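Below is the structure I would like to discuss, written out as structure tokens.
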Amino acid sequence: MKIAIVTDTWLPEVNGVVTTLRHTVEQLRAAGHELHLVEPGMGFWSLPCPGYRSIRLCLFPGHRVARLLDSIQADTIHIATEGPLGLAARRYCLKRGLDFTTCYHTRFPEYIRARAPIPLAVSYAWIRRFHRPARRMLVSTPTLAKELTERGFTNLAIW
């Protein structure tokens with residue numbers, strides 16, 4: 001199977017998302033799948049993420065993401081992050097009527113709340129909106145799945 005994974009964070013960054021994706025890519029390749037990554041190091045214009053300067057936020061990635069995904073012709077698309085590349089890939093899939101999966105790596109609403117006076121309800125509403133059209137939203141544990149179900153998420157699957 002040919003799989004495209006879209007992520008807003010990748011090597012040389014070291015964090016939980018990159019570590020999880022790196023191992024996932026290794027396992028999928030070992031199982032015989034063809035993997036293609038769409039990640040910030042692929043010539044996107046970017047700027048440092050406020051408060052997390054080692055992560056680069058891609059600027060206006062829509063057309064480039066579409067061209068890359070068109071050229072990959074993946075059997076399935078997985079969107080790993082809710083950043084600019086993830087948003088562009090989500091828009092690409094929705095516009096073309098393609099199924100896709102997403103995953104929830106980080107308690108992003110809590111992360112934002114610790115840094116800005118944005119209510120958790122607002123952030124969770126945005127995260128629900130992002131993940132709602134995904135065929136499945138992958139989560140790491142049954143506990144996290146239960147917490148997200150209580151917050152209104154409905155398309156969860158344990159990764």
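Which one of these is charged (D, E, K, R), open to solvent by 60 Å² or more (accessible area, probe 1.4 Å) and assigned to a strand (DSSP E or B): 67, 56, 29, 115?
Matching residue, one of 67, 56, 29, 115: 56.
Can you tell me which condition residue 93 does not meet? The list is (1) within 15 Å of the chain's Cα centre (by Cα); (2) assigned to a loop (DSSP other than H, G, I, E, B), and all the others hold.
(2)
Yes/no matrix, rows are residues, columns are (1) out of contact with any helix residue (DSSP H, G or I) (no Cβ under 9 Å at 6 or more places or on another chain); (2) at pLDDT below 95; (3) in a loop (DSSP other than H, G, I, E, B); (4) open to solvent by less than 20 Å² (accessible area, probe 1.4 Å):
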{"site": "48", "(1), (2), (3), (4)": "yes, yes, no, no"}
{"site": "63", "(1), (2), (3), (4)": "no, no, no, no"}
{"site": "71", "(1), (2), (3), (4)": "yes, no, no, no"}
{"site": "82", "(1), (2), (3), (4)": "no, yes, yes, no"}
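Something else now. Scan segment 11-22 residue by residue and report those that are surrounded by 15 or more Cβ atoms within 10 Å (Cβ to Cβ) and closer than 22 Å to residue 75 by Cα.
Across segment 11-22, the qualifying residues are 20, 21.
Which pairs turn up if I take residues in segment 88-117 that are closer than 17 Å to residue 6 by Cα and look for partners that are open to solvent by 40 Å² or more (accessible area, probe 1.4 Å) and not in a helix (DSSP H, G or I) with beta carbon separation below 7 Å, at least 6 apart in sequence or on another chain?
If the second residue must be open to solvent by 40 Å² or more (accessible area, probe 1.4 Å) and not in a helix (DSSP H, G or I), the pairs left are 94/133; 99/135; 100/135; 101/135; 101/136; 103/159.
Okay, moving on. Residues to consider are 149, 101, 76, 154; find the one that is over 23 Å from residue 46 (Cβ atoms), loosely packed, with under 12 Cβ neighbours inside 10 Å and out of contact with any helix residue (DSSP H, G or I) (no Cβ under 7 Å at 6 or more places or on another chain).
154
May I ask you to say which residue of 27, 73 is over 30 Å from residue 151 (Cα atoms), polar (S, T, N, Q) and in contact (Cβ under 8 Å) with a residue 40 or more places away in the chain?
Result: 73 is the single residue among 27, 73 that is over 30 Å from residue 151 (Cα atoms), polar (S, T, N, Q) and in contact (Cβ under 8 Å) with a residue 40 or more places away in the chain.
The values are calculated or read from the model by the stated rules, or taken from the named source; none is laboratory data. Predicted model, so just to flag it, every value in this text is computed and none were measured. Counting neighbours? That spans all protein chains shown, and the Cβs are built from the backbone with ideal geometry, glycine included. The protein model used for the area step is the full one, side chains on, heavy atoms only, and it has no ligands, DNA or RNA in it. Shrake-Rupley method; radii C 1.70, N 1.55, O 1.52, S 1.80 Å.
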